[in-house]
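Remarks on the structure that follows.
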Amino acid sequence: IAISFNRYHKIKRAIENKDISSVFLFENVEEFIPLNNFELNKLCNDNNWNAIFYSHVINFLKPKLKEKINKIEINRKKKKLSLKNSVKKYIFSILTLFYKKKDPVITSTYLPFFENLKLFFYLKQIPTIWFAPILERDKINLKNRKLLSPNQAEKNFENFVKSLIPFSIPICHIELFKEMNEKLRLLKLPENPKFIYTTNNYEYDEYFKLYVALKKENKTKYIIGQHGNISWIEDIFFENQHSADHYLYWGKDGFGKNENGFNFKLKRKFQNKSKGYLLILDSPFGTNNKIFNRIDENYEKEDSLKILLTNLEKNIKENIIFKLHSSFDLRERDYIEKLKKICPKIKIETNNKKTSELVQNSKCVLHLYDSTGILETMSYNVPTLCMWQNEFNHIQKKYHNLYFALKKNEIFFNEPLALSEHINKNWNDVQKWWLKENIQSCKKFLLNELSIFPDKNSTFKLSKKLLELSS
């Protein structure tokens, strides 16, 4: 529905308000249908897929325009089992031999490696991993799919969405459904698990979701742990959408009333070894699956970044490490060149494995989007700044007081010029600014609400909570 909203109204307004003489329509129904929900989100950024989508809108609205029909192909890379996943599959098949009928199924806990092992130890269970078979496209049954949506006479948005249902439901939920059930049975997972727990697989792992759905019929408790900073802070429908029995969060009352949670991702604290550079963590390219045009935000962000870099003092420009997001290859080809024109000595980093080391050795970290990383750098007491343009429109109102505190204490900025002035002013002694009483109080206030640092008993506490919720 969110994907449809922007595209439908964009075309509808163009037809109503512009003098259009003719249209090119693109079609390839089978190519349009996604394999799974993850692929659907990827396709949102594909120009060919969007061309077909816009053609669906035009065909639905039926304007009196000359039409020219074109076939179009959507290139998909076949997913192969990597060496790493082959080893994972082998280990998984061995560990399933030790599963008992009522063993909990636990995957993607976000806990550091040894803390994850401790969780299984506390639950008196052999450590396990989760492995889902690779999904491969199957022949599409358009005749059956068309039965999913009755004809709707009125040309409105709701009926457009209904008309699109037969061509939008992923193949894994229709053509591959029987095969997935059979493959799931062959995985030899616990028949009646005490509970199922994940912090990550609830969204895009189709085998995991199917397993959860089948076991919830047996009254198995399903528990989701917090994945990151934004998903539940910005999405008022998060809990309804994923239908777990219980949710565990990182902050105040995160495990229940008067029971605080803790940040599952954080490791032991370290001493910040400031080496004099400004670390800038770039924003992701984004997925165009919102009711507004998400990709347009990138142009605003790039403009703000240019203003920020241009107005930094020379000695700061010469000491910047710019960590690109893993999705940087989706950006314009000259993205890096534009940055180097402003800061010729800027160092570009692409290796995600180095992020933790870069943070540990930075003088100050600047986040260019609202990410979990803000909570992490603050938790390690590394001087932290953040900047994005839409201020707090993406945040539920009940959390606005936390973010306004960041703005009031000059940790958050939505104006690049003001941020550059702030960095220039405090660069010679960033620690002096960061350790001010009001800044530290603001930091503690935010972390207490959203991200409590784990102590040595936190994993044991999590194990007890999981058992309590499943009993």
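Test Ser283 against the stated conditions and say whether it is small (Gly, Ala, Ser) and within 30 Å of Asp429 (Cα to Cα). Yes; evaluated as a whole, the condition is true for this residue. Yes or no: Asn315 part of a loop (DSSP other than H, G, I, E, B) and not aliphatic (A, V, I, L, M)? No, not satisfied.
Reported count of residues in the stretch 31-69, each being acidic (Asp, Glu) and exposed (fewer than 13 other Cβ atoms within 10 Å of the Cβ), is 1. Would you point out the residue of the stretch 85-121, among those that are surrounded by fewer than 17 Cβ atoms within 10 Å (Cβ to Cβ) and assigned to a loop (DSSP other than H, G, I, E, B), that is modelled with the lowest pLDDT? Only one residue tops the list, namely Lys100. Does Glu391 meet the test of being over 30 Å from Gly256 (Cβ atoms), surrounded by 13 or more Cβ atoms within 10 Å (Cβ to Cβ), in contact with a His (Cβ under 6 Å, 6 or more places away or on another chain) and free of Cβ contacts under 8 Å to residues at least 60 places away in the same chain? Taking the combined requirement at face value, the residue does not satisfy it. Inspection of the stretch 160-181 finds no residue satisfying the criterion of being surrounded by fewer than 16 Cβ atoms within 10 Å (Cβ to Cβ) and among the small types (Gly, Ala, Ser).
Starting from residues that are outside any loop (DSSP other than H, G, I, E, B) and of a type in the set (Ser, Thr, Tyr), keep the ones in the stretch 318-357 and report whichever is farthest from Lys267 (Cα to Cα). The residue in question is Tyr335.
Listed here are the residues, each with its yes/no results for (1) free of Cβ contacts under 8 Å to residues at least 12 places away in the same chain; (2) polar (S, T, N, Q).
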residue	(1), (2)
Asp19	yes, no
Val29	no, no
Phe32	no, no
Glu39	no, no
Asn47	yes, yes
Ile58	no, no
Lys66	no, no
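Please go through the stretch 12-28 and pick out each residue that is of a type in the set (Val, Ile, Thr) and either open to solvent by less than 30 Å² (accessible area, probe 1.4 Å) or touching a Lys or Arg at 6+ places or on another chain (Cβ under 9 Å) (or both). Selection gives Val23 alone. From the list Asn218, Asn144, the lone residue that is in a helix (DSSP H, G or I) and out of contact with any strand residue (DSSP E or B) (no Cβ under 6 Å at 6 or more places or on another chain) is Asn144.
Okay, residues lined up against (1) more than 21 Å from Tyr277 (Cβ to Cβ); (2) surrounded by 15 or more Cβ atoms within 10 Å (Cβ to Cβ); (3) among the aliphatic types (A, V, I, L, M):
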site	(1), (2), (3)
Asn428	no, no, no
Leu435	no, no, yes
Ile439	no, yes, yes
Lys444	yes, no, no
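Just one of (1) part of a strand (DSSP E or B); (2) surrounded by fewer than 20 Cβ atoms within 10 Å (Cβ to Cβ) trips up Ile223, so point out which. Ile223 satisfies all of (1) part of a strand (DSSP E or B); (2) surrounded by fewer than 20 Cβ atoms within 10 Å (Cβ to Cβ) except (2). Scanning the stretch 70-84 for residues that are in contact with a Leu (Cβ under 9 Å, 6 or more places away or on another chain) and either of a type in the set (Val, Ile, Thr) or open to solvent by 90 Å² or more (accessible area, probe 1.4 Å) (or both) turns up Ile74, Lys79. Scanning the stretch 182-197 for residues being exposed (fewer than 14 other Cβ atoms within 10 Å of the Cβ) and of a type outside the set (D, E, K, R) gives a total of 2. Residue count for the stretch 188-217, restricted to those that are more than 15 Å from Ala132 (Cα to Cα) and of a type in the set (S, T, N, Q): 2. Applying the condition of being out of contact with any Gly (no Cβ under 8 Å at 6 or more places or on another chain) and part of a loop (DSSP other than H, G, I, E, B) to the stretch 198-215 and asking which residue is surrounded by the most Cβ atoms within 10 Å (Cβ to Cβ) yields Asn201.
When the stretch 369-387 is filtered for residues that are open to solvent by less than 10 Å² (accessible area, probe 1.4 Å) and not in a helix (DSSP H, G or I), the ones remaining, listed by number, are Val382, Pro383, Thr384, Leu385, Cys386, Met387.
A count restricted to the stretch 89-142 and to residues that are under 27 Å from His173 (Cβ atoms) and basic (Lys, Arg) stands at 3. Does Val365 meet the test of being in contact (Cβ under 8 Å) with a residue 60 or more places away in the chain, out of contact with any Gly (no Cβ under 7 Å at 6 or more places or on another chain) and part of a helix (DSSP H, G or I)? Taking the combined requirement at face value, the residue does not satisfy it. Annotation: of all residues in the stretch 348-361 being in contact (Cβ under 8 Å) with a residue 40 or more places away in the chain and closer than 10 Å to Lys323 by Cα, the one that is surrounded by the most Cβ atoms within 10 Å (Cβ to Cβ) is Leu358.
The values are calculated or read from the model by the stated rules, or taken from the named source; none is laboratory data. Because the structure is predicted, anything quoted here is derived from the model rather than measured. In this analysis, Cβ positions are derived from the backbone assuming ideal geometry, glycine residues included, and neighbour counts consider all displayed protein chains. For the accessible areas, the whole protein counts, side chains as well, though only heavy atoms, and no ligand, DNA or RNA atoms are used. Shrake-Rupley method; radii C 1.70, N 1.55, O 1.52, S 1.80 Å.
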